[in-house]
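Novice: Structure provided below as structure tokens; questions to follow.
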Amino acid sequence: MDNTFIYIPDISGFSNFVNDTEITHSNHIISELLELIIDSNKLRLEVSEVEGDAILFYKYESIPSLEEVIEQTKATFIKFHTHLKEFEAHRICQCGACRSAASLSLKFIAHAGDVQYIKIKKHKKLHGPAVILSHRLLKNSIGDGEYLLLSDDLLNTLNDSTNDLKEGADVYDGSITTSYKYMSLQRLHNEVPEPTPITYETRIKNPVKKELFINAPLYDVFETLTNLEMRELWATGIKRIEYDKGRINRLGTKHNCVLDNGEFEFETISNDFGKNALVYGERFNSPMAKGLMIYYVLEKEEKGTRVRIEGHYKKTMLTYLLLPLIRFGFKKAFKKGLGDLKLYCEKTFSNQPITV
């Protein structure tokens, strides 16, 4: 295919994780970001393939103008970092992948040349010298971590003579010098909007409370509690949990808890219980229990984790009428829920060293 436009957004910044949770969560985070990049495709580029943390886009016969490429890059970059800001503001997970997601970066390679493709069923896999060079350009000497690199081959095709781009060149295969121009994207961080403010529900003065000690590391207990994939492993009496398995639990996440006698929709929330506590909350969204809230408050102790659970409710005419029933239900559920959590965590984690 003559004069094919090649465009590669590439994500970088994750460390090498060894913990199963961290590996799973890093995959989920990258998957969300790659979907966002694909959905930001205003130029209607074709997707050749997803390559780890990058996407190989292409378009033949009609190469976008330099202005269109720059505008596409800016729009994708801002959406990318808007998503990361929102994720950081609303995350509850404490694993290494989730804590470091906000530091992920994004760079873009734009090139043009002749390519061939292999057709595999309905998919086209690009190959040829232009594709190879596009991938080599990802490894360059640009010091800036986030940029748009435009190959000279692309700029020559566009007959562009702009002076707003910086010049660069690198040697590949030991002797071949490839020239390009690039622009830093760092200033675009100023255009990334602030995340949606978090508002905490008002807590009542006399909530239903129960607490106990779990002989297991703090972060393991917190992960067990907040990871919806693990809920059926420790919470007895649940038939299944319905939720978006491709997304990490965070503030605003909704899930359905299906029991033998019905189902309840919950939404993940949090609250301020002091700087030394890890907090996980769920609000009932089901019509018959709307306004009820449960908070788990976890604090590290020398040999394990102190877990307190609190039941709160919004003061309405209905809750006043049903208050004895609500408090009785909380007490019964808390005793069972904390017992299940303690049994699972102590069986699974108590022989492991306590993490910090």
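The values are calculated or read from the model by the stated rules, or taken from the named source; none is laboratory data. This is a predicted model, so every value here is computed, not measured. Cβ placement follows ideal geometry from the backbone for every residue including glycine, while neighbour counts extend to all protein chains displayed.
Novice: Only one of (1) more than 16 Å from VAL69 (Cβ to Cβ); (2) surrounded by 10 or more Cβ atoms within 10 Å (Cβ to Cβ); (3) at pLDDT below 95 fails for SER175. Which number is that?
Specialist: (2) is the only condition that SER175 fails.
Novice: Are there any pairs with C-beta distances below 6 angstrom linking a residue in the range 222-238 that is assigned by TED's automatic domain parsing to the domain that holds ALA277 and closer than 16 Å to LYS342 by Cβ to a residue that is of a type in the set (Gly, Ala, Ser) and modelled with pLDDT under 95, with the two at least 6 apart or on different chains, and if so which?
Specialist: Sorted first by the residue in the range 222-238, then by its partner, the list stays empty.
Novice: Here's another thing I want to ask about it. Please go through (1) part of a strand (DSSP E or B); (2) hydrophobic (A, V, I, L, M, F, W, C); (3) within 20 Å of HIS135 (Cβ to Cβ) for MET183 and return the number of the only condition it doesn't satisfy.
Specialist: Going through the list (1) part of a strand (DSSP E or B); (2) hydrophobic (A, V, I, L, M, F, W, C); (3) within 20 Å of HIS135 (Cβ to Cβ), MET183 breaks only (3).
Novice: In the range 224-260, what count of residues is obtained for those that are assigned to a loop (DSSP other than H, G, I, E, B) and closer than 18 Å to ALA333 by Cβ?
Specialist: Residues meeting the conditions: 4.
Novice: State all residues of the range 22-32 that are closer than 16 Å to THR226 by Cα and out of contact with any helix residue (DSSP H, G or I) (no Cβ under 6 Å at 6 or more places or on another chain); if no residue qualifies, say none.
Specialist: The answer is THR24, HIS28.
Novice: Please verify whether the range 162-172 includes one or more residues that are touching a residue at least 24 places away in the same chain (Cβ under 8 Å), part of a strand (DSSP E or B) and farther than 17 Å from GLY143 by Cα.
Specialist: Yes, there is a match, as at least one residue in the range 162-172 is touching a residue at least 24 places away in the same chain (Cβ under 8 Å), part of a strand (DSSP E or B) and farther than 17 Å from GLY143 by Cα.
Novice: Does at least one position in the range 99-113 carry a residue that is touching a helix residue (DSSP H, G or I) at 6+ places or on another chain (Cβ under 7 Å), more than 26 Å from HIS189 (Cβ to Cβ), modelled with pLDDT under 95 and assigned by TED's automatic domain parsing to the domain that holds THR157?
Specialist: So far as the range 99-113 goes, yes, one or more of its residues are touching a helix residue (DSSP H, G or I) at 6+ places or on another chain (Cβ under 7 Å), more than 26 Å from HIS189 (Cβ to Cβ), modelled with pLDDT under 95 and assigned by TED's automatic domain parsing to the domain that holds THR157.
Novice: Does the range 203-233 hold any residues that are among the polar types (S, T, N, Q) and more than 20 Å from the chain's Cα centre (by Cα), and which are they?
Specialist: Matches in the range 203-233: ASN206, ASN215.
Novice: In the range 12-32, which residues are under 18 Å from GLU146 (Cα atoms) and either among the polar types (S, T, N, Q) or in contact with a strand residue (DSSP E or B) (Cβ under 6 Å, 6 or more places away or on another chain) (or both)?
Specialist: Across the range 12-32, the qualifying residues are SER12, GLY13, SER15.
Novice: Also: From the list LEU278, LEU323, LEU298, LEU343, exactly one residue is in contact (Cβ under 8 Å) with a residue 40 or more places away in the chain, among the hydrophobic types (A, V, I, L, M, F, W, C) and surrounded by fewer than 19 Cβ atoms within 10 Å (Cβ to Cβ). Which is it?
Specialist: Every option except LEU343 fails the conditions.
Novice: How about the range 15-50: which of its residues are buried (at least 20 other Cβ atoms within 10 Å of the Cβ) and not aliphatic (A, V, I, L, M)?
Specialist: THR21, GLU22, HIS25, SER26, SER48
Novice: Also, I was wondering about something else. Please list, ordered by residue number, the helices (runs of 4 or more DSSP H) wholly in the range 51-153 having 2 or more residues that are at negative phi, surrounded by 14 or more Cβ atoms within 10 Å (Cβ to Cβ) and charged (D, E, K, R).
Specialist: Those helices (runs of 4 or more DSSP H) span 66-90.
Novice: Looking only at the range 310-337, which residues are outside any helix (DSSP H, G or I) and touching a Gly at 6+ places or on another chain (Cβ under 7 Å)?
Specialist: TYR313, LYS314, THR316
Novice: Among the candidates GLU263, GLU282, which residue alone is under 16 Å from LYS314 (Cα atoms), touching a Ser or Thr at 6+ places or on another chain (Cβ under 8 Å) and part of a strand (DSSP E or B)?
Specialist: One residue alone meets the criteria, GLU282.
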